[in-house]
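S.K.: Submitted below is the structure of interest, expressed as structure tokens.
The values are calculated or read from the model by the stated rules, or taken from the named source; none is laboratory data. This structure is a prediction, so every number in the text was calculated from the model and none was measured. FYI the Cβ positions are ideal-geometry reconstructions off the backbone, even for glycines, and counts take in every protein chain you see. When the accessible area is computed, the model is the full protein with side chains, heavy atoms only, and any ligands, DNA or RNA have been set aside. Shrake-Rupley method; radii C 1.70, N 1.55, O 1.52, S 1.80 Å.
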Amino acid sequence: MTTYKEGKDYALEMDRQDPLSRFRSQFYIPKMETGEDVVYLCGNSLGLQPKSTSESIQQELLDWKNYGVEGHFHAKNPWMPYHEFLTDAMARVVGGKPSEVVVMNTLTVNLHLMMVSFYRPKGKRVKVIIESDAFPSDKYAVQSQMEMHEIDPKKALIELTPRKGERCLRAEDIEEVIRKEGEEVALIMIGNTNYYTGQYFDMQRITSVGHEYGCIVGFDCAHGAGNVDLQLHDCGVDFAVWCNYKYLNSGPGSLGGCFVHERHAKKNGLIRFKGWWGHNKETRFGMRDDFDAIPGAEGWQLSNPPILSMAAIKASLEIYDDAKISNLRKKAVSLTGYMEYLLNSLDNRNIEIITPSDPDQRGSQLSIFVKNADKKLFQQITSKGVMADWREPGVIRVSAVPLYNSYEDVYRFVEILKGELTSRGIVK
Ligand SMILES: *Cc1c(COP(=O)(O)O)cnc(C)c1O
């Protein structure tokens with residue numbers, strides 16, 4: 001147990017002792033009009049730009065300029081196999097084997113592709129389990145897949161709902177739903193970590209209970225990848241999808257990632273949407289053969305990918321490889337714990353952290369519910385230099401990410417919030 005202390009000196013001392021503090025200077029931190037760094041706590045929404053990104057993209061622009069189509073083979077980083085340059089590092093971030101991981105498409109697209117293969121309702125096994133406060137896009141994707149199979153989501157979509165008066169789901173309740181419904185469940189698809197509450201679910205436990213009942217288990221790791229130490233392979237999940245523009249700092253709308261467990265790699269008869277980029281690389285340009293899937297996650301690729309987006313991902317993953325997800329996670333536990341400590345030391349009857357207090361059940365994000373608050377409160381703290389995220393009703397989501405946020409950032413955020421809450425009489 002760390003013992004935190006109040007006061008700015010403590011924050012500055014923690015920053016001095018932080019072995020990862022050197023990474024902050026590898027990112028562009030947005031500035032206020034005064035020239036001071038913004039307190040950027042939005043890495044869960046859009047990660048900041050690494051200073052190395054521009055050079056990485058410039059390289060590909062240069063090679064395109066100089067080589068034209070020959071860049072596919074003669075670029076410094078040949079475009080033909082470009083996605084392969086990302087695979088090992090990405091696999092380390094999410095805890096998969098390289099053959100299980102591919103960078104392609106965007107999250108919702110990948111979720112659809114995975115459900116085409118892994119949501120195969122049959123007989124009485126047609127249901128899907130999802131969280132009630134799942135990210136809207138995930139819910140739309142799941143509902144539309146059900147509709148495609150002429151299954152009524154109103155009847156067959158099971159939503160995991162917190163107990164009355166609670167905001168997060170209990171592991172035992174999730175398990176009970178699986179045990180009760182399992183025989184009729186085709187797919188369990190859960191957002192891990194939850195985008196709203198910040199709750200991180202025990203993937204291993206959910207997966208093993210799901211498998212006990214014969215369900216396929218997939219996760220949306222939009223808020224997990226680069227944030228928590230995912231161990232997708234060891235947890236045995238069937239598939240996972242994520243985006244790379246949140247914790248993984250690869251730029252707005254950048255390509256996403258996809259994991260398919262190796263147990264599915266060579267399954268014959270697996271239905272999938274096919275495209276030429278998923279075809280055996282040796283014969284891909286034969287252009288005449290029947291589809292011959294690359295074994296593993298690469299077999300789900302459709303198109304030749306956007307190199308400029310991949311160049312940004314490459315730059316970001318180099319930083320992750322240097323920092324290492326296990327070190328980042330260690331700092332995240334401390335940094336988030338520090339924020340929680342400072343928030344709890346306010347007179348806090350009117351503010352409630354809805355994210356679980358157990359570090360094993362959360363990543364870097366804290367979701368703070370402020371009673372009787374309106375968006376003006378949020379706009380006030382924004383004008384004082386905090387970039388965070390507001391969700392109705394009354395929830396401020398903040399994420400102190402260990403790559404570039406400092407203890408001082410956390411200190412400044414709580415001071416600014418405290419100032420606003422005090423002037424509104426919300427805290428004493
Ligand atoms: C950010 C996020 C998305 C976004 O999906 P895109 O396809 O990348 O636009 C989807 N689901 C969750 C849970 C997210 O957090």
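Residues are listed down the side, and each one gets a yes or a no for (1) assigned to a helix (DSSP H, G or I); (2) among the aromatic types (F, W, Y); (3) closer than 30 Å to E84 by Cβ:
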{"residue": "Y320", "(1), (2), (3)": "yes, yes, yes"}
{"residue": "N327", "(1), (2), (3)": "yes, no, yes"}
{"residue": "S334", "(1), (2), (3)": "yes, no, no"}
{"residue": "G337", "(1), (2), (3)": "yes, no, no"}
{"residue": "E340", "(1), (2), (3)": "yes, no, no"}
{"residue": "D360", "(1), (2), (3)": "yes, no, no"}
{"residue": "A373", "(1), (2), (3)": "no, no, no"}
{"residue": "Q380", "(1), (2), (3)": "yes, no, no"}
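S.K.: Could you grab me the full set of residues in the range 106-138 that are surrounded by fewer than 23 Cβ atoms within 10 Å (Cβ to Cβ), more than 19 Å from P295 (Cβ to Cβ) and out of contact with any helix residue (DSSP H, G or I) (no Cβ under 7 Å at 6 or more places or on another chain)?
M.R.: Listed by number, the residues that qualify are T106, V109, R120, P121, K122, G123, S132, D133, A134, F135, P136.
S.K.: To continue, here is another question. Are there any pairs, at least 6 apart or on different chains, whose C-beta atoms fall under 7 Å, with the first in the range 219-241 and in the same structural domain as S316 (by TED's automatic domain parsing) and the second acidic (D, E) and not in a loop (DSSP other than H, G, I, E, B), and if so, which?
M.R.: D220/D138; H233/E100; V241/D220
S.K.: Next question. Can you pull out every residue in the range 9-29 that is part of a loop (DSSP other than H, G, I, E, B) and open to solvent by 20 Å² or more (accessible area, probe 1.4 Å)?
M.R.: Taking the range 9-29 and keeping what is part of a loop (DSSP other than H, G, I, E, B), we get 18-20, 28-29.
Residues satisfying the conditions are P19, Y28, I29.
S.K.: Report, by residue number, each residue of the range 305-320 that is within 13 Å of V102 (Cβ to Cβ) and either in contact with a Gly (Cβ under 7 Å, 6 or more places away or on another chain) or open to solvent by 40 Å² or more (accessible area, probe 1.4 Å) (or both).
M.R.: Those that are within 13 Å of V102 (Cβ to Cβ) and either in contact with a Gly (Cβ under 7 Å, 6 or more places away or on another chain) or open to solvent by 40 Å² or more (accessible area, probe 1.4 Å) (or both): none in the range 305-320.
S.K.: Turning to a different aspect of this structure: Looking at the range 279-304 only, could you name the residues that are open to solvent by less than 70 Å² (accessible area, probe 1.4 Å), out of contact with any strand residue (DSSP E or B) (no Cβ under 6 Å at 6 or more places or on another chain) and among the small types (G, A, S)?
M.R.: Residues satisfying the conditions are G286, A293, G296.
S.K.: May I pose another question? For the range 421-428, check the following and say yes or no: at least one residue is at negative phi, in contact (Cβ under 8 Å) with a residue 12 or more places away in the chain, assigned to a helix (DSSP H, G or I) and not small (G, A, S).
M.R.: Yes, the range 421-428 contains a residue that is at negative phi, in contact (Cβ under 8 Å) with a residue 12 or more places away in the chain, assigned to a helix (DSSP H, G or I) and not small (G, A, S).
S.K.: Quick test of your reading of the structure: A141 fulfils all but one of (1) open to solvent by 50 Å² or more (accessible area, probe 1.4 Å); (2) within 13 Å of the ligand (Cβ to nearest atom); (3) more than 24 Å from I294 (Cα to Cα). Name the failing condition by number.
M.R.: Result: A141 passes all but (1).
S.K.: Going through the range 252-274 one residue at a time, which ones are open to solvent by less than 20 Å² (accessible area, probe 1.4 Å) and within 14 Å of the ligand (Cβ to nearest atom)?
M.R.: The answer is S254, L255, G256, G257, C258.
S.K.: Just for helices (runs of 4 or more DSSP H) wholly inside the range 30-116: which have at least 3 residues that are within 23 Å of the chain's Cα centre (by Cα) and farther than 30 Å from V410 by Cα?
M.R.: Numbers: elements: 53-67, 71-74, 84-94.
Where helices (runs of 4 or more DSSP H) fall fully within the range 30-116 and carry at least 3 residues being within 23 Å of the chain's Cα centre (by Cα) and farther than 30 Å from V410 by Cα, they are 84-94.
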